[in-house]
Amino acid sequence: MNRSPLHHEHVALGASMIEFAGWEMPVRYAGDVAEHQAVRRAAGLFDISHMGQVAVRGGEAAAALDEAVVSGMARLAIGRAKYTMLCMPDGGIIDDLIVYRRDWDHFIIVANAANVGVVVSELRERCSTFEAVVEDVTHLVSLQAVQGPRAMEIVTQMCALGAEDVRALKNYTWCTVLLHGDIHAMVARTGYTGEDGFELFVMPQDAVEVWRLALATGSPFGLIPCGLSARDTLRLEAGMPLYGQELTRSTTPYTAGLGWVVQTAPARELRRPGLDGAVGFTEEPVERGDFVGRKALAAAKQRHDEWASDPALAPADARVLVGLVGDSRRAARPGYAVMMDDREVGVVTSGAPSPTLSAPIAMALVHPSASAVGTAVQIDVRGRRETMTVSALPFYSRAS
Amino acid sequence: MSSVPADLLYSAEHEWVSGDVEPGSVVTVGITEHAAKALGDVVFVELPSVGDKVTAGEVCGELESSKAVSELYSPVSGTVTAVNEALNDAPAAINDEPYESGWIFKVDVSEDVELLDSDAYSDHIA
């Protein structure tokens with residue numbers, strides 16, 4: 001079993017530890033509801049060292065990734081990040097990823113812990129005809145997240161140098177800073193909780209010092225350490241799909257309502273530095289080349305567009321992702337059947353009592369005819385039918 | 001380590017029982033601190049009803065946390081004489097004071113049943 005460099009910190013804080021995707025990780029410290037509320041109201045600190053990290057380097061790294069994933073990576077500027085997916089030729093999702101462009105020839109990819117092996121082998125295969133090297137760097141990086149409305153104040157105060165750069169970050173961008181204690185860190189304004197927040201990439205040997213720095217700096221703002229349980233209810237309220245539940249090899253990005261990650265339009269591409277060392281974009285838009293799954297995804301888009309305009313056209317096994325809100329207090333859990341007029345129309349993929357809404361919420365894959373907001377469906381919740389109503393996702397959005 | 005009070009009896013399904021488990025006695029039932037910790041913050045308790053007949057080892061309610069749902073088994077057979085209505089508004093008592101204000105229901109016991117003492121239960125969860 002893998003252990004985070006912060007393992008002893010978690011045990012010392014009294015965390016309940018669980019096995020998760022081959023890692024022993026904290027599920028909660030004080031209590032999952034308090035941790036959830038801390039992130040909504042102040043800030044939470046998460047150890048996400050279990051997330052897979054993959055480096056792709058080389059003169060053709062951008063071109064290789066452009067072909068490997070469904071979004072255009074050649075068009076991604078240095079300092080930016082992009083949410084994307086690695087799909088099979090038939091459009092099924094192998095994993096969802098966040099890709100950070102470190103340099104014109106260097107990308108860092110964050111993958112789901114359970115999928116890092118398959119992501120690395122797929123990327124290696126797909127990059128094999130390019131000048132690009134794919135490397136699993138999970139154990140060379142410790143990833144920690146500070147999430148919540150006070151995250152900006154906390155992270156900027158953790159910086160010895162670079163607080164201004166952090167303050168200037170937009171969503172899905174990153175910068176490098178020097179934290180107090182002479183610790184180099186890459187700070188990205190990304191996260192998985194629906195709140196403002198930052199992910200800190202540091203070397204494993206610095207992980208404990210960064211964790212303690214974050215706790216000491218953040219405590220006066222209300223920051224507390226948070227475990228996997230709070231992370232799951234936060235992401236569910238934020239309507240963010242999870243690999244293995246909403247996202248699988250038998251769903252496409254369109255099934256999950258994430259068709260926007262598939263990019264086919266022409267765009268300007270980042271070019272390698274010229275003789276003057278300057279990195280720049282092409283003058284004219286460049287047509288995006290072929291990528292794995294392109295044809296199948298185009299067909300999937302067409303199908304989903306047709307079903308959206310006329311659900312009656314959809315075959316019985318067609319599915320789209322919806323949100324559900326219940327009016328009882330019993331929560332639907334993954335795997336429970338969704339019924340409409342005594343017909344089975346889908347299945348729950350995630351479900352929990354929402355600490356913010358004080359009602360049970362769920363995400364489910366249902367037939368397009370059951371997907372309109374306001375549709376009442378029935379879920380068999382452990383032997384008793386409970387009514388839930390199709391609701392727009394996300395369930396919770398932070399005030400901007 | 002979770003606390004396992006010596007003066008209680010326990011089921012393998014992580015309920016505790018206080019009182020004499022013999023026909024005609026009324027006992028109090030809750031879940032152990034070990035079970036409450038594993039479940040996480042309990043946010044909803046589906047209680048049995050007063051007058052319900054319960055059977056040892058059979059489901060009589062459920063406990064819901066943000067992370068999981070757990071069925072509540074009755075550790076004894078008999079008739080429910082009281083339920084802890086305060087849990088409807090304050091289910092967190094199950095996490096905060098599992099052996100006191102977090103009690104769940106009381107049963108008028110109808111038959112003898114084998115339960116674990118605190119040492120045996122401690123071994124069970126070790």
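The values are calculated or read from the model by the stated rules, or taken from the named source; none is laboratory data. No experiment lies behind these values; they were computed from the predicted model shown. Positions of Cβ are backbone-derived with ideal geometry, glycine not excepted, and every protein chain shown enters the neighbour counts. For the accessible areas, the whole protein counts, side chains as well, though only heavy atoms, and no ligand, DNA or RNA atoms are used. Shrake-Rupley method; radii C 1.70, N 1.55, O 1.52, S 1.80 Å.
Set side by side, the residues A:R330, A:R385 differ, and just one is farther than 17 Å from A:P253 by Cα, open to solvent by less than 60 Å² (accessible area, probe 1.4 Å) and among the basic types (K, R), which is A:R330. Check whether at least one residue in region A:93-100 is under 23 Å from A:V155 (Cα atoms), outside any loop (DSSP other than H, G, I, E, B), β-branched (V, I, T) and without any contact (Cβ under 8 Å) to a residue 40 or more places away in the chain, and report yes or no. Among the residues of region A:93-100, at least one is under 23 Å from A:V155 (Cα atoms), outside any loop (DSSP other than H, G, I, E, B), β-branched (V, I, T) and without any contact (Cβ under 8 Å) to a residue 40 or more places away in the chain, which makes the answer yes. So, of the residues in region B:54-94 that are among the hydroxyl-bearing types (S, T, Y) and not in a strand (DSSP E or B), which turns out to be nearest to the other protein chains (Cβ to nearest Cβ)? Looking at the filtered set, the residue picked out is B:S66. Quick check: is even one residue across region A:43-61 more than 14 Å from chain B (Cβ to nearest Cβ), without any contact (Cβ under 8 Å) to a residue 40 or more places away in the chain, more than 15 Å from A:L97 (Cβ to Cβ) and of a type outside the set (A, V, I, L, M, F, W, C)? So far as region A:43-61 goes, no, none of its residues is more than 14 Å from chain B (Cβ to nearest Cβ), without any contact (Cβ under 8 Å) to a residue 40 or more places away in the chain, more than 15 Å from A:L97 (Cβ to Cβ) and of a type outside the set (A, V, I, L, M, F, W, C).
In summary, strands (runs of 3 or more DSSP E) completely within region A:317-398 and bearing 1 or more residues that are among the acidic types (D, E) and touching a residue at least 12 places away in the same chain (Cβ under 8 Å) occur at A:376-381, A:384-391.
Among the residues of region B:80-92, just one is touching an Asp or Glu at 6+ places or on another chain (Cβ under 8 Å) and either surrounded by fewer than 15 Cβ atoms within 10 Å (Cβ to Cβ) or polar (S, T, N, Q) (or both), namely B:T81. Selection of first residues in region A:221-233 that are outside any strand (DSSP E or B) and of second residues that are hydroxyl-bearing (S, T, Y) and open to solvent by 20 Å² or more (accessible area, probe 1.4 Å), restricted to Cβ pairs under 7 Å at least 6 apart or on distinct chains, gives the following pairs, ordered by first then second residue: A:G227/A:Y29; A:R231/A:Y192. Would you say A:A238 is out of contact with any strand residue (DSSP E or B) (no Cβ under 8 Å at 6 or more places or on another chain) and within 19 Å of A:L200 (Cβ to Cβ)? So A:A238 fails the test. The residue that is farthest from A:G239 (Cα to Cα), among those in region A:317-332 that are touching a strand residue (DSSP E or B) at 6+ places or on another chain (Cβ under 9 Å) and more than 12 Å from every other protein chain (Cβ to nearest Cβ), is A:D327.
Of the candidates A:G239, A:G218, the single residue that is touching a residue at least 24 places away in the same chain (Cβ under 8 Å), assigned to a helix (DSSP H, G or I) and small (G, A, S) is A:G218. Of all residue pairs spaced 6 or more apart or on separate chains, those with beta-carbon atoms under 6 Å, a first member in region B:1-15 that is open to solvent by 30 Å² or more (accessible area, probe 1.4 Å) and a second member that is aliphatic (A, V, I, L, M) are B:L9/B:V17; B:L9/B:L115; B:H14/B:I31; B:H14/B:A35.
Let's see how each residue does on (1) surrounded by 15 or more Cβ atoms within 10 Å (Cβ to Cβ); (2) hydrophobic (A, V, I, L, M, F, W, C); (3) more than 18 Å from B:H14 (Cα to Cα):
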residue	(1), (2), (3)
B:D41	yes, no, no
B:D52	yes, no, yes
B:L63	yes, yes, no
B:S74	yes, no, no
B:S77	yes, no, no
B:I94	yes, yes, no
B:F105	yes, yes, no
B:L116	yes, yes, no
B:Y121	yes, no, no
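Picking from residues in region A:333-349 that are within 22 Å of the chain's Cα centre (by Cα) and crowded, with 23+ Cβ neighbours inside 10 Å, the one that is farthest from the other protein chains (Cβ to nearest Cβ) is A:T349.
Annotation note: Cβ proximity below 6 Å between a residue of region B:40-56 that is closer than 19 Å to A:A359 by Cβ and a residue that is of a type in the set (A, V, I, L, M, F, W, C) (sequence gap 6+ or interchain) occurs for B:D41/A:V33; B:V42/B:L63; B:V42/B:I94; B:V45/B:L63; B:V45/B:L87.
Of all residue pairs spaced 6 or more apart or on separate chains, those with beta-carbon atoms under 6 Å, a first member in region A:2-20 that is open to solvent by 60 Å² or more (accessible area, probe 1.4 Å) and a second member that is assigned to a loop (DSSP other than H, G, I, E, B) are A:L13/A:Y29. Listed by first and then second residue, the pairs linking a residue in region B:83-95 that is under 16 Å from B:S66 (Cα atoms) to a residue that is assigned to a loop (DSSP other than H, G, I, E, B), with Cβ atoms under 6 Å apart and 6 or more places separating them unless they lie on different chains, are B:A93/B:S101; B:A93/B:G102; B:I94/B:G102; B:N95/B:D41.
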